[in-house]
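**Q** Once you've had a glance at the structure underneath, I'll fire off some questions.
The values are calculated or read from the model by the stated rules, or taken from the named source; none is laboratory data. It should be emphasised that the depicted structure is a prediction, and the values quoted were computed from it without experimental measurement. Note: ideal-geometry Cβ built from the backbone for every residue, glycine included; neighbour counts use all protein chains shown.
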């Protein structure tokens, strides 16, 4: 199952304990919109809970930190060395080819927006 980070999505019905564990991993729930992974969520715990509850492999879908294009770890040439569960600020191949200065600009923009 693919879980989008920072966007609303639906899950199959979970048991009470599984539902509580998903929320405690940093997911918010709205009865109309569904589930949304918060920025500071524990993705390792969330992946473990969902894999256990759903009996499926769990992969995250997210946006490039620099340009915002949708991507996943499988799109990254470094997927054997890191993962979104730990990195959190991944960039797509196009932005990677633009170089380090582009990445630093994205960090500056992010830091100025966090106050």
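**Q** Could you go through the stretch 60-75 and let me know if any residue there is in a helix (DSSP H, G or I) and out of contact with any helix residue (DSSP H, G or I) (no Cβ under 8 Å at 6 or more places or on another chain).
**A** Yes; the residues of the stretch 60-75 include at least one that is in a helix (DSSP H, G or I) and out of contact with any helix residue (DSSP H, G or I) (no Cβ under 8 Å at 6 or more places or on another chain).
**Q** On to the next question. Could you check how many residues of the stretch 71-81 are surrounded by fewer than 13 Cβ atoms within 10 Å (Cβ to Cβ) and in contact (Cβ under 8 Å) with a residue 24 or more places away in the chain?
**A** Counting residues in the stretch 71-81 that are surrounded by fewer than 13 Cβ atoms within 10 Å (Cβ to Cβ) and in contact (Cβ under 8 Å) with a residue 24 or more places away in the chain gives 0.
**Q** Of the residues 86, 100, which is more than 23 Å from residue 2 (Cα to Cα) and not assigned by TED's automatic domain parsing to the domain that holds residue 25?
**A** Numbers: 86 fails: more than 23 Å from residue 2 (Cα to Cα).
Just a single option satisfies the conditions, and that option is 100.
**Q** Of all residues in the stretch 82-103, which are surrounded by fewer than 12 Cβ atoms within 10 Å (Cβ to Cβ) and within 23 Å of residue 40 (Cβ to Cβ)?
**A** Hit for the stretch 82-103 is 86, nothing else.
**Q** If I go through the stretch 9-21 residue by residue, how many of them are in contact (Cβ under 8 Å) with a residue 12 or more places away in the chain and either over 30 Å from residue 114 (Cβ atoms) or surrounded by 12 or more Cβ atoms within 10 Å (Cβ to Cβ) (or both)? Before the answer, list the steps.
**A** Going residue by residue through the stretch 9-21, those that are in contact (Cβ under 8 Å) with a residue 12 or more places away in the chain are 9-12, 14-15, 18, 21.
Within this subset, residues satisfying the condition of being either over 30 Å from residue 114 (Cβ atoms) or surrounded by 12 or more Cβ atoms within 10 Å (Cβ to Cβ) (or both) are 9, 11-12, 14-15, 18, 21.
Residues that pass the stated criteria total 7.
**Q** Among the residues of the stretch 104-115, which ones are closer than 25 Å to residue 41 by Cβ and in a helix (DSSP H, G or I)?
**A** Of everything in the stretch 104-115, those that are closer than 25 Å to residue 41 by Cβ and in a helix (DSSP H, G or I) turn out to be 106, 107, 108, 109, 110, 111, 112, 113.
**Q** Go through 31, 66, 24 for me and flag whichever is surrounded by 18 or more Cβ atoms within 10 Å (Cβ to Cβ) and out of contact with any strand residue (DSSP E or B) (no Cβ under 6 Å at 6 or more places or on another chain).
**A** 66
**Q** While we're here: Can you tell me which residue in the stretch 46-59 is surrounded by the fewest Cβ atoms within 10 Å (Cβ to Cβ), limited to those that are in contact with a helix residue (DSSP H, G or I) (Cβ under 8 Å, 6 or more places away or on another chain) and farther than 15 Å from residue 9 by Cα?
**A** 57
**Q** While we're on this one: Would you pick out the residues in the stretch 27-57 that are under 11 Å from the mean Cα position of the chain (by Cα) and part of a loop (DSSP other than H, G, I, E, B)?
**A** 38, 39, 40, 41, 42 - these are the residues of the stretch 27-57 that are under 11 Å from the mean Cα position of the chain (by Cα) and part of a loop (DSSP other than H, G, I, E, B).
**Q** Could you list, in sequence order, the residues of the stretch 5-25 that are within 24 Å of residue 79 (Cβ to Cβ) and modelled with pLDDT of 95 or more?
**A** 9, 25
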